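Input: a single structure, listed below in structure tokens.
Every number here is computed from the coordinates shown, using simple stated rules; none is lab data. Values in this document were obtained by computation on a predicted structure and should not be read as measured data. So basically every Cβ, Gly included, is an ideal-geometry build from the backbone, and we count neighbours across all protein chains shown.
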Amino acid sequence: MTRTWNVRTVTDAAQVRIATARLAAACGVTTVERTRLVTALTAQLRQRLTKGGEWKVGAGVSLSPRGGELHIEVTPAKRRPDDRQPPWRASVPCAEDADVSGTDPADDDPTALAEALFGADEDAALLLDRLDEQESLVAFHREELHQTNQGVLALHAELDAAGRAQRELFDAEQKARQEAENARGRLTFLADASAALTASLNHEAIVRLLPALLVPRYARTVDVWLFDDVDDALRGGPRPAAAVLAARRGRPQYAADHPGNLPGVDDQPASALDSGRPLLCIPLLTRRAPQGVLTLSPPDQRWDADDAVMLIELTRRASIALEHARRFEHNRDIAETLQRALLTELPTADGLSLAARYLPATRGLNIGGDWYDAIRQPDGSLITVVGDVTGHGLHAAVMMSQLRTALRAYAVDGSSPGRLLTRLHEFLHRLRLDLYATAVIARIHPDGDTLTWAAAGHPPPVLRDPDGQVHTLDDKPGAMLGIPLEQEIGDHTVALPPGSTLALYTDGLVERRAQGIDPGIQRLADELGGFGAAELDADLESSADRLLSPLLSDSEHDDDVCLLLCHVHGRPPRQRARQP
């Protein structure tokens, strides 16, 4: 059903307003929606009446499966060409069984106007009640929102505090981690530096190593001041006063124009020799007295306290390494003196040249059981021997001396090389010292043409013929001397024409861990074969040095080296004819 009203005056507009309110109420429109609709319609009518003219208001109800709707439309009663304002339309939902009969505009009957006025007041009262409810609800929600905001603010404050605490904990963790990393770096450096210092038994190498270890990580400059006697050393050249105090007091000293506050270190004024640099002077202490002072300048402005503690500990370990190196060098000198004192001078013989070389091992105390000897016989022959007692140290050297003395005693009766070795075996076996020995003995007669030799567990002799051919005399040898075994060591004989050269040696000359002994013996034979007969006749001593040089140049030798060269000079044919 559709209703249409024409509006020209305010009274017409009021009547249409009342009719629209009634129509909306008849359609079951809610109070709020009805009030909104009537208020919006009133505002449109007031706006259009201001412009003048006549306006048409249409109202209708439409039904659909989704429900009913009340439609209101305001359009000009007569469309003017210059009127571009679009029609005003509004729609509100209503009940499907809406009854819109009897909803004509109110007339001038006062009763009808009063009813309409009271009806509008009732709607306003209902709206006010609804507004009161909404205001109460809004106030409730406002209070809830306020409390929620307070809670949010408190939560934010707690989160901020937790964030600050977390950042502080993170910073503390980072600081602790950095300190732990620095401490680990110091410990690693201290361990590596200690290993490097104690690996050397040469005090000069240790002194050279200290600056290489400390610069530039922990020091800008390093000076190592060593002395044997403190009073004599302090009377030497100019030294920082802090270094002198460190030597006298045996405590680390820090010289600078500001306090160092380093644990265990005494503060001193800046050094007059170099006032612009702080100096840390640490004594190199031994169990008896200081042996020197280590003077450092910092890599930056000053040292961290932990770095200073590490440097003091490193200096203590360097001092121990220096003390051990000096003691080792002292003992090594004693050992070498003893070893060489046990080696006799070689005898001279007509028609025969001898040259011997003894080189102690490049590691250890340089004292071992290698020895050589040459013993003149009553018949003019010469007994030559090279031997090696197992092991190293003073015990091996003493055993070597006993064997050499026993051999000289046994050689008096002119026994053959095999018999001499057999008697040495029995001698050593009876001693039961858990020491064994190897040896090779050769008997040479300058006027003879034969060589007799015997070996007991020893590398074979190498013989060079006058024409340069080299032979390894590896006929069946005996076992090592002193083992729990009865043995009779036999002799072997080979021709020895004039111009021949015999090489007796110990395994330290030819044996290498990675290659064994056979390649070394072959190298010795090759080197000996490269000599000419003339140079061996002329200077056997120089030939011995030239022979050793290539054999020992490849690496350090871990064992003693002993070499004995025997060269038979060439003789005129007439002398050779008189030989028996």
Distance (nanometres) between label positions extended 7 Å along Cα→Cβ at His258 and Thr50: 8.2 nm
Estimated D of region 203-337 in µm² per second, where Rh is the Kirkwood radius over Cα pairs and Stokes-Einstein applies at 25 °C, 0.890 mPa s: 161 µm²/s
Using R₀ = 56 Å, calculate the FRET efficiency as 1/(1 + (r/R₀)^6) where r is the Cβ-Cβ separation of Arg249 and Ser401; round to 0.05. 0.70
Within region 136-156, list the residues whose amide N lies under 17 Å from a label point set 7 Å along Cα→Cβ of Arg167. 156
Listing Val38, Val568 by rising number of other beta-carbon atoms within 10 angstrom, fewest first, gives Val38, Val568
With angles folded into 0 to 90 degrees, how steeply does helix 518-529 sit against the dominant principal axis of the chain? Use alpha carbons for both and round to 10. 50 degrees
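R0 = 25 Å: FRET efficiency of Ala90 with Thr11, Cβ-based, nearest 0.05? Working shown, then result.
Values: r = 22 Å, r/R0 = 0.89.
It comes out at approximately 0.65.
Sorted from largest to smallest, which semi-axis lengths in Å does the alpha carbon gyration tensor of the chain give for its equivalent ellipsoid, taking the root of 5 times each eigenvalue?
Details: eigenvalues 3230, 265, 96 Å².
Semi-axes (√(5λ), whole Å): 127, 36, 22.
Does region 408-540 classify as rounded, prolate or oblate by the C-alpha gyration tensor (a ≥ b ≥ c root eigenvalues; a/c under 1.5 gives rounded; else a/b over b/c gives prolate, otherwise oblate)? All intermediate terms of the calculation are to be shown ahead of the outcome.
Details: a/c = 2.50, a/b = 1.41, b/c = 1.77.
Oblate.
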With r as the distance between the Cβ atoms of Thr198 and Thr450 and R0 = 56 Å, compute the FRET efficiency 1/(1 + (r/R0)^6) and round to 0.05. 0.50
Using Stokes-Einstein with the Kirkwood hydrodynamic radius over Cα pairs, what translational diffusion coefficient do you get for region 394-439 at 10 °C and a viscosity of 1.306 mPa s, in µm²/s rounded to a whole number? 145 µm²/s
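So between Val412 and Leu431, what do we pick up on full extension, going 0.36 nm a residue minus the alpha carbon distance? Mind showing how you got there, number by number?
Working: separation 19, 0.36 × 19 = 6.84 nm, distance 2.19 nm.
Once the chain is fully extended between Val412 and Leu431, it gains 4.7 nm.
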Nearest-ten-degree value, helix 10-26 long axis tilted from longest Cα axis of the chain: 70 degrees
Using the per-residue mean of other Cβ atoms lying within 10 Å as a proxy for protection, in what order, highest first, do the peptides 7-13, 395-401 fall? 395-401, 7-13
I need the shape label for region 343-577. Rule: rounded when a/c is under 1.5, else prolate if a/b > b/c, else oblate, with a, b, c from the alpha carbon gyration tensor. oblate
Starting from the Cα of Leu273, step 7 Å along the direction of its Cβ; do the same at Ser553; then give the gap between the two resulting points in nm. 4.3 nm
Of the peptides 413-419, 89-95, how do they stack up when ordered by the mean number of other Cβ atoms within 10 Å, highest first? 413-419, 89-95
